[in-house]
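K.L.:
The structure is given below, and queries will be raised subsequently.
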Amino acid sequence: MNNDQYSKEINDVMQLVTSNIFMQVNGLDVAYPYIAGSPGGGKTTALSTLCDQLKWGLISTHFALKPLEETGGIPQFETIKIGGKDTLATIWSFPDIMKELYIQAEQHKLVVWLLDDIHLCGSIHMAMLYELLTERKLRDYKLPKNVAIVLAGNHGNNKAGAKTMFSAIINRVSLFPIYTSFTGWKMNFAIKNKIHPAIMSFLGNNKYDQFFHETEQVDTPWGSPRSWTRLSNIISQLERWNKKELNSDELLYLAHSHVSKEGASEFLQYYKIFMKFNIKDIIQNADQFKLPDSPVNKYALAFALCSYYSGLKDPNEIIKQFSKIIYNYIRDSPDLGIMIIHEIIDIEKCLNRRNLYSALSKELNIIEPGITNHLLKEITSV
């Protein structure tokens, strides 16, 4: 989805969604938030993370794909009197989804009901959605008061199978178009979830950033935060099992199955560069080591060093040798030196790892007094 003036970064939008949720459960008459964005952008994950952080209950329902009896109940019969005569009438059973909502509502102070992939709703499901959004009811059964409704989907996206929604429904929601930025994904998801450093650094390079969230396709894979995350998971697991990096054929085949052919081919070339460095050996021989001449090699090594350093249980074991290499970066390639410091500060913040930067700063100032003060000014400027 294009990050134009009518869309906002997903993590900024979640602040608006949070406010809306509080308003709903406090009885204010507000439109229900509809988070609309391209597939794979992390809409569901962002809401799940929010609920985890705030200790809220969360029920995620693919409303359009649920059988009607699960959301609307089953018709049953009862006899009523009309004009003094017994008449057979229909009542509806308590919907299965309502049972789940009431159970969660008793266990949590606040529960979010996410109606996911809402763009797939056909006319029958939209009729039920109309009742839900208008009266907070399903088949005349009321929602618990501490349940807030959030919708998510790929609104207006024909490639994603979007149906035309009733105008009455659109008028009852607040449409929040979103996009996912690489920086937002990295800081709020990727670092915490240990996305493969080769993938993170690849997507963080301006040369390759077009592959982060590619144009959506119908019959072929395309890059998205979700597809890169899943590619990362399988690469990392295979490396652990095999105790070595993937060969070119394996990696290209896997990458092609997740992202575009162009993205897969470019990532293969970058992966080969990233994985060729023996970081332990480089750090042990820091006094003799010279930085690569190639800009891509130099960039890949910088991220490989950051990943290795931040992944150690006790980084102080290598800090003296590590700082010598980082100092070479600062003097040889100032932009990359600043990037390394910035990356270490980001990792420290996201993982709540104390002293990653302060230990490095101390050693750098021993090599050249006052150097980190200058660097921090540069980082602030950036």
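K.L.:
Restricting attention to segment 354-365, which residues are surrounded by 12 or more Cβ atoms within 10 Å (Cβ to Cβ) and either assigned to a helix (DSSP H, G or I) or at negative phi (or both)?
P.N.:
Leu356, Tyr357, Ala359, Leu360, Ser361, Lys362, Glu363, Leu364, Asn365
K.L.:
Could you tell me which of the residues Ala264, Ala286 is touching a Pro at 6+ places or on another chain (Cβ under 9 Å) and aliphatic (A, V, I, L, M)?
P.N.:
Ala264
K.L.:
While we're looking at this one, here's another question. Which count do you get for residues in segment 210-230 that are in contact with a helix residue (DSSP H, G or I) (Cβ under 7 Å, 6 or more places away or on another chain) and of a type in the set (Val, Ile, Thr)?
P.N.:
1
K.L.:
Just the residues that are basic (Lys, Arg), closer than 19 Å to Pro197 by Cα and touching a helix residue (DSSP H, G or I) at 6+ places or on another chain (Cβ under 9 Å), please, taken from segment 286-335.
P.N.:
Lys298
K.L.:
Among the residues of segment 102-132, which ones are buried (at least 21 other Cβ atoms within 10 Å of the Cβ), over 18 Å from Leu50 (Cβ atoms) and either modelled with pLDDT of 95 or more or among the basic types (Lys, Arg) (or both)?
P.N.:
none
K.L.:
Regarding segment 318-334, can at least one residue be identified that is more than 26 Å from Arg353 (Cβ to Cβ) and touching a Phe, Trp or Tyr at 6+ places or on another chain (Cβ under 9 Å)?
P.N.:
no
K.L.:
Still on this structure: I'm trying to understand the selection: among the residues of segment 237-253, which are out of contact with any helix residue (DSSP H, G or I) (no Cβ under 8 Å at 6 or more places or on another chain) and within 30 Å of Asn154 (Cα to Cα)?
P.N.:
Tyr253
K.L.:
Please go through segment 209-241 and pick out each residue that is crowded, with 18+ Cβ neighbours inside 10 Å, farther than 20 Å from Thr44 by Cα and not hydrophobic (A, V, I, L, M, F, W, C).
P.N.:
Pro221
K.L.:
Can you find a residue in segment 232-247 that is among the basic types (Lys, Arg) and assigned to a loop (DSSP other than H, G, I, E, B)?
P.N.:
Yes.
K.L.:
With the condition being over 22 Å from the mean Cα position of the chain (by Cα), I'd like the strands (runs of 3 or more DSSP E) fully within segment 106-200 carrying at least 1 qualifying residues.
P.N.:
Of the strands (runs of 3 or more DSSP E) lying wholly inside segment 106-200, those with at least 1 residues that are over 22 Å from the mean Cα position of the chain (by Cα) span 147-153, 173-179.
The values are calculated or read from the model by the stated rules, or taken from the named source; none is laboratory data. Since this is a predicted model, take the numbers as computed values, not measurements. FYI the Cβ positions are ideal-geometry reconstructions off the backbone, even for glycines, and counts take in every protein chain you see.
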